[in-house]
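The values are calculated or read from the model by the stated rules, or taken from the named source; none is laboratory data. From a predicted model like this one, the values you see are computed outputs, not experimental measurements. Cβ placement follows ideal geometry from the backbone for every residue including glycine, while neighbour counts extend to all protein chains displayed.
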Amino acid sequence: MQSVTILGASGSIGESTLDVLGRHPDRYRVYALTAHSRWQPLAQACLTHRPRYAVVGEAGAAEALTDWLARNGCDTQVLCGPEALAQVASAPEVDTVMAAIVGAAGLLPTLAAVRAGKKVLLANKEALVMAGALFTRAVTEHKATVLPIDSEHNAIFQCLPGHPRDSLVNGLAGSGVRRILLTASGGPFRNSSPEELARVTPEQACAHPNWSMGQKISVDSATMMNKGLELIEACWLFNARPEQIEVVVHPQSVIHSMVEYADGSVLAQLGNPDMRTPIAHALAWPERIASGVASLDIIATARLDFCQPDSDRFPCLRLAAEAARRGGTAPAMLNAANEVAVAAFLERRLAFTDIPRVIEAVMTQLEVAEPVSLDVVQSADSQARALAQSLVESL
């Protein structure tokens with residue numbers, strides 16, 4: 001029986017994780033569930049799964065959740081604040097932590113889980129994008145196990161030999177790997193003209209053709225920044241150089257990624273576009289359990305298409321690749337500027353095509369530092385956010 005904490009339980013990854021856990025009550029029990037302000041879905045999950053703790057980020061949400069649980073006969077204890085997030089991520093009773101908080105807010109609790117030597121299911125790519133060197137060093141020092149949840153990184157891991165720590169430490173050297181092929185759906189606008197992109201609305205950007213995701217990650221997919229962040233994440237997860245990773249647009253989202261070996265073999269992981277597959281894989285690794293995902297109908301799929309990404313149409317992918325090559329705090333600044341720009345777009349304060357303009361201006365104007373500590377990373381994050389906010393207001 002494994003005890004599981006889910007950081008970000010009210011999001012799409014958190015809900016999918018609860019679905020998989022619910023199919024295997026003999027193997028897993030929920031220790032803690034967390035959300036920021038959306039306490040209503042958290043309340044329902046507490047009633048179903050009866051965790052020991054529920055953590056929210058806002059005092060008002062904590063009061064509302066405490067009252068609701070008491071009225072419905074649920075004895076889950078409600079905690080509040082970032083310290084509580086770290087507490088439930090690192091508690092001695094916890095075996096596995098699903099790190100699914102979106103954005104920079106997920107960095108500290110995910111690091112707390114790593115430093116406690118937990119099995120960490122990493123859905124929060126920003127932890128590696130912002131602080132890859134610090135994060136991977138902590139994994140090694142504290143003998144944590146990190147398993148990727150992004151469908152692409154999980155697919156790469158399934159196509160590589162050995163323990164996940166092998167890739168993290170030794171990289172592709174000695175594994176016979178020639179390159180990683182990171183697939184991308186291309187999002188809803190892969191064939192749109194510049195004029196059409198300038199008129200994109202938040203509703204259109206959030207309507208992904210293949211995946212059901214939250215707003216922020218849906219917009220990132222539409223700009224292809226999500227693939228850029230995944231490229232940076234893959235460099236850290238698999239100790240690879242940016243030039244060893246090639247992004248390939250694959251509209252059907254059936255092949256989730258591929259690994260090419262020196263002998264010419266290319267291994268691919270296929271499946272329906274459902275996040276329960278990588279979640280179930282990581283939860284039970286090295287075993288396999290049922291996820292609830294339907295079998296892939298390869299006959300109905302009929303065809304698989306591939307093409308190169310258009311960096312002119314999607315400059316965010318180019319900006320992310322440049323940040324990966326520059327290293328240091330460049331990825332942290334990229335991520336911060338993107339979060340500010342995407343939030344402004346969702347609030348209709350920024351045009352879709354202005355998102356990469358804000359990011360590029362931030363990357364051009366700020367100096368890159370060596371991320372020798374978490375304070376340096378957080379300082380770069382704060383500076384990039386402040387500059388990005390001023391740029392949004394000036395447009």
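Being over 23 Å from V293 (Cβ atoms) and not aliphatic (A, V, I, L, M): is that true of T183 here?
Values: over 23 Å from V293 (Cβ atoms): no; not aliphatic (A, V, I, L, M): yes.
Judged against the criteria, T183 is not a match.
Per-residue answers, yes or no, for (1) in contact with a helix residue (DSSP H, G or I) (Cβ under 6 Å, 6 or more places away or on another chain); (2) hydrophobic (A, V, I, L, M, F, W, C):
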| site | (1), (2) |
| --- | --- |
| L267 | yes, yes |
| M275 | yes, yes |
| A280 | yes, yes |
| L283 | no, yes |
| R288 | no, no |
| G292 | yes, no |
| F306 | no, yes |
| D312 | no, no |
| R326 | no, no |
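Please tell me if A127 is touching a helix residue (DSSP H, G or I) at 6+ places or on another chain (Cβ under 9 Å) and among the hydrophobic types (A, V, I, L, M, F, W, C).
Numbers: touching a helix residue (DSSP H, G or I) at 6+ places or on another chain (Cβ under 9 Å): yes; among the hydrophobic types (A, V, I, L, M, F, W, C): yes.
In short, yes.
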Are there any strands (runs of 3 or more DSSP E) wholly within region 14-126 with 1 or more residues that are within 28 Å of I156 (Cα to Cα), and if so which? 28-35, 96-99, 119-122
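Give region 133-149 a look and list any residue that's of a type in the set (S, T, N, Q) and buried (at least 18 other Cβ atoms within 10 Å of the Cβ), or say none.
Within region 133-149, the subset of a type in the set (S, T, N, Q) is 136, 140, 145.
Those that are of a type in the set (S, T, N, Q) and buried (at least 18 other Cβ atoms within 10 Å of the Cβ): T136, T145.
Applying the selection to region 291-319, what residues are part of a loop (DSSP other than H, G, I, E, B) and more than 25 Å from P242 (Cα to Cα)?
Pass one, region 291-319, residues part of a loop (DSSP other than H, G, I, E, B): 291-297, 302-306, 308-314.
Across region 291-319, the qualifying residues are S291, G292, V293, A294, S295, L296, D297, A302, R303, L304.
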Just checking, does region 325-347 include any residue being modelled with pLDDT of 95 or more, farther than 18 Å from M224 by Cα and of a type in the set (D, E)? yes
All but one of (1) touching a residue at least 40 places away in the same chain (Cβ under 8 Å); (2) crowded, with 19+ Cβ neighbours inside 10 Å; (3) in a helix (DSSP H, G or I) hold for E322, so report the exception by its number. (2)
